[in-house]
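These notes are about the structure you will find just below.
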């Protein structure tokens, strides 16, 4: 029997590569990592981030949080995706 007692469930294949962060985000917004747990492996990774703080209107921050929650991602991830779209 498959891992976690799951029955054979059809799932979309994970693309070999995503052409952009937006494409990866779109895939994972519509798929659950839990369905692909048997394909995961631990890796060592270094991520370089720069923290900047920007003031955002309280109402706008609330709307961003609501949208992010509906998409199942953090507000920070959503804002970064939007900024990346606008900055390219």
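Tabulated data for the structure shown
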{"read-out": "Subset tally (residues that are part of a loop (DSSP other than H, G, I, E, B) and exposed (fewer than 11 other Cβ atoms within 10 Å of the Cβ)) for region 53-88", "value": "5"}
{"read-out": "So residue 10, is it over 18 Å from the mean Cα position of the chain (by Cα), at pLDDT 90 or above and surrounded by fewer than 10 Cβ atoms within 10 Å (Cβ to Cβ)", "value": "no"}
{"read-out": "Contacts under 6 angstrom Cβ, first residue in region 1-22 being in a loop (DSSP other than H, G, I, E, B), partner modelled with pLDDT of 55 or more, 6 or more apart", "value": "11/35; 18/24"}
{"read-out": "Which numbered condition residue 25 fails, given (1) at pLDDT below 90; (2) farther than 19 Å from residue 85 by Cβ; (3) surrounded by 10 or more Cβ atoms within 10 Å (Cβ to Cβ)", "value": "(2)"}
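The values are calculated or read from the model by the stated rules, or taken from the named source; none is laboratory data. Just so it is clear, the structure is predicted and the values come from calculations on it, not from any experiment. All Cβ positions, glycine included, derive from the backbone under ideal geometry; neighbour counts span all protein chains shown.
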